[in-house]
Amino acid sequence: MTLNIGVIGCGMIGRDHTRRIQQVLSGAQVVALSDVNRANAETVRRDLAPDATLFDTGEALIAAPEVHAVLVTSWGATHEPYVLAAIAAGKPVFCEKPLATTSEGARRIVEAEVAHGSRLVQVGFMRRYDAGYIALKAAVQQHTGAPIMVHAAHRNPAVPEAYVTPMAIHDTLIHEIDVFRWLLDDDYVSARVLYPRKASRSHSQLRDPQVVVLETQKGVLIDVEVFVNCAYGYDIQCEVVGEEGTARLPEPMAIDLRLGALRQNAILTDWKDRFVASYDVELNDFIAAASKGGATGPSAWDGYAAAVTSDACVQAQESDGQAVAIVLPVRPALYN
Ligand code: NAI
Ligand code: NAD
Ligand code: ISE
């Protein structure tokens, strides 16, 4: 049976996920679209899903009987009510990161899913599906010995003026927050944020770059440079230092060009290209689980743990380099 999907939020990633479902993956089709800016939904329908129905609100789309499963790809602050409405309707829901922009919001989603009694939510933490991170995790488990430190960087070429300091956490660092819990099989105990001098390309409402230092329950120290106006490319770096050796995330495939006495490799500039394959795999997983009425992969609990951590990091941004504690309640059995 083909899974009928409704997409709420038809901007950059809503459009890209619709393309995947319509043109790359099998087993599902986009039958419904909604966007507060109706023109965005109309454009996606015209270009990618000509048979889809346009709904005036996300709530109406979720309630529609022909919609079996929901994709929430609207702005982060709007995710929570749509995910709660999908759970109330008993429909599987794929929610882009962040699950919610506050830990209280993410907690409400966890409580609703626990009350429902089975998993319905998958969060869009696609790095867990990236072949490079999967190989890195295997190297850490098999070769480096117990991890001691992680050095990482998350660099974007540029961000618009609307991107303000806390978004470096909610929007950008959130990927590292999730993937290092998964990579190290660990949870965080504290966060610190340090600022070098502000880069000249930064904006008036943005402190860029910043360095976030996370400490885990097992005593691993993780430093992540977040630099969202680095100008030169979209660059994701990660090195794990263990008892016996180190392991580094592979670079994306690039031709080794030797020309004019220079040796060079192109660097990607767009996040859509850097993780293109992992978006395909995560949505394939969603379609498979949602076709059976459930969900798999990164859970609402993972979204909640990320939200608790990101709240602490945002607080740490304002704490003059002091550590802010990160405390998670006991994990409900549904997520064990
Ligand atoms: P965007 O601004 O391009 O698109 C968002 C769309 O949602 C817009 O068309 C907007 O009109 C619509 N929208 C906003 N509020 C809405 C509402 N209440 N109901 C319906 N539609 C609404 O944003 P973008 O870049 O597509 O990001 C969307 C989400 O995807 C964000 O949560 C972002 O964090 C996430 N994202 C995830 C990425 C990843 O690597 N996993 C990459 C880029 C974005
Ligand atoms: P975008 O601004 O391009 O698109 C957002 C769309 O949502 C817009 O079309 C907007 O009109 C619509 N929208 C906003 N509020 C809405 C609402 N209440 N109901 C319906 N539609 C609404 O943003 P984007 O870059 O596509 O990002 C969207 C989400 O995807 C964000 O949560 C972002 O964090 C996430 N994202 C994830 C990744 C990733 O790598 N996983 C990458 C990019 C974006
Ligand atoms: C964007 O929303 C993403 O999720 C990208 O993966 C990230 O690199 C970028 O900083 C975010 O704004």
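The values are calculated or read from the model by the stated rules, or taken from the named source; none is laboratory data. As the structure is a prediction and not an experimental result, all values here were calculated from the model. No Cβ is skipped: glycine too gets one built from the backbone with ideal geometry, and neighbour counts run over all protein chains shown.
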Problem - Residues of the stretch 246-289 satisfying the condition of being more than 16 Å from ligand 2 (Cβ to nearest atom) and among the charged types (D, E, K, R) - result: ARG248, GLU251, ASP256, ARG258, ARG263
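Being within 16 Å of ligand 3 (Cβ to nearest atom) and of a type outside the set (A, V, I, L, M, F, W, C) is true for just one of ASP235, ASP223. Which residue is that?
Numbers: ASP223 fails: within 16 Å of ligand 3 (Cβ to nearest atom).
On inspection, the qualifying residue turns out to be ASP235.
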Practice task
Write out, first by first residue and then by second, each pair whose Cβ atoms fall under 7 Å of each other, whose residues are 6+ apart or on separate chains, and whose first residue, in the stretch 187-215, is modelled with pLDDT of 95 or more while the second is among the aromatic types (Phe, Trp, Tyr).
Solution key: LEU206/TYR163; ARG207/TYR195; ASP208/PHE227; PRO209/PHE227; GLN210/TYR195; LEU214/TYR188; GLU215/TYR188
Practice task
Assess whether ASP302 counts as being of a type in the set (D, E, K, R), surrounded by 18 or more Cβ atoms within 10 Å (Cβ to Cβ), within 16 Å of ligand 3 (Cβ to nearest atom) and closer than 21 Å to VAL70 by Cα.
Solution key: yes
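Does HIS175 qualify as being in the same structural domain as GLU251 (by TED's automatic domain parsing) and within 16 Å of ligand 1 (Cβ to nearest atom)?
Numbers: in the same structural domain as GLU251 (by TED's automatic domain parsing): yes; within 16 Å of ligand 1 (Cβ to nearest atom): yes.
Yes; evaluated as a whole, the condition is true for this residue.
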Exercise for the section: Quick one: GLU80 ticks every box in (1) more than 25 Å from TRP301 (Cβ to Cβ); (2) of a type outside the set (S, T, N, Q); (3) within 12 Å of ligand 2 (Cβ to nearest atom) except a single one, so which number is it? Expected result: (1)
Exercise for the section: Might you let me know whether the stretch 103-121 holds any residue that is crowded, with 24+ Cβ neighbours inside 10 Å, in contact with a helix residue (DSSP H, G or I) (Cβ under 9 Å, 6 or more places away or on another chain), within 24 Å of ASP185 (Cα to Cα) and among the polar types (S, T, N, Q)? Expected result: no
Practice task
May I ask you to say which residue of GLY27, GLY11, GLY90, GLY76 is modelled with pLDDT under 95 and surrounded by fewer than 23 Cβ atoms within 10 Å (Cβ to Cβ)?
Solution key: GLY76
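Got a sec? Which of ALA312, ALA316, ALA290, ALA325 is outside the structural domain of ASP186 (by TED's automatic domain parsing) and in contact with a strand residue (DSSP E or B) (Cβ under 6 Å, 6 or more places away or on another chain)? Walk me through it before giving the result.
Details: ALA312 fails: outside the structural domain of ASP186 (by TED's automatic domain parsing); ALA316 fails: outside the structural domain of ASP186 (by TED's automatic domain parsing); ALA325 fails: outside the structural domain of ASP186 (by TED's automatic domain parsing).
Answer to the check: ALA290.
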Practice task
Sort through GLN205, GLN237 and tell me the only one that's of a type outside the set (Asp, Glu) and under 19 Å from THR144 (Cα atoms).
Solution key: GLN237
Problem - Residue that is nearest to ligand 1 (Cβ to nearest atom) [pool: residues in the stretch 1-46 that are more than 20 Å from TYR82 (Cβ to Cβ), part of a helix (DSSP H, G or I) and in contact (Cβ under 8 Å) with a residue 24 or more places away in the chain] - result: THR43
Practice task
Kindly indicate whether any position in the stretch 83-91 is within 11 Å of ligand 2 (Cβ to nearest atom) and more than 25 Å from VAL276 (Cβ to Cβ).
Solution key: no
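Going through SER118, SER200, SER190 one at a time, which residue ends up being among the hydroxyl-bearing types (Ser, Thr, Tyr) and in a strand (DSSP E or B)? Before you say what the answer is, go through the steps one by one.
Details: SER118 fails: in a strand (DSSP E or B); SER200 fails: in a strand (DSSP E or B).
Result of the check over SER118, SER200, SER190: SER190.
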Handout entry: Odd one out for HIS170 among (1) within 13 Å of ligand 1 (Cβ to nearest atom); (2) touching a Ser or Thr at 6+ places or on another chain (Cβ under 6 Å); (3) modelled with pLDDT of 95 or more; (4) not assigned by TED's automatic domain parsing to the domain that holds ILE287
Key = (3)
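Of everything in the stretch 137-165 that's in a loop (DSSP other than H, G, I, E, B) and touching a Phe, Trp or Tyr at 6+ places or on another chain (Cβ under 8 Å), which residue is surrounded by the most Cβ atoms within 10 Å (Cβ to Cβ)? Please lay out each step first, then the result.
So in the stretch 137-165, the residues in a loop (DSSP other than H, G, I, E, B) come out as 143-146, 156-165.
Now drop any that are not touching a Phe, Trp or Tyr at 6+ places or on another chain (Cβ under 8 Å), which leaves 156-157.
Values: ASN156: 23, PRO157: 19.
Filtering the stretch 137-165 for residues that are in a loop (DSSP other than H, G, I, E, B) and touching a Phe, Trp or Tyr at 6+ places or on another chain (Cβ under 8 Å), the one surrounded by the most Cβ atoms within 10 Å (Cβ to Cβ) comes out as ASN156.
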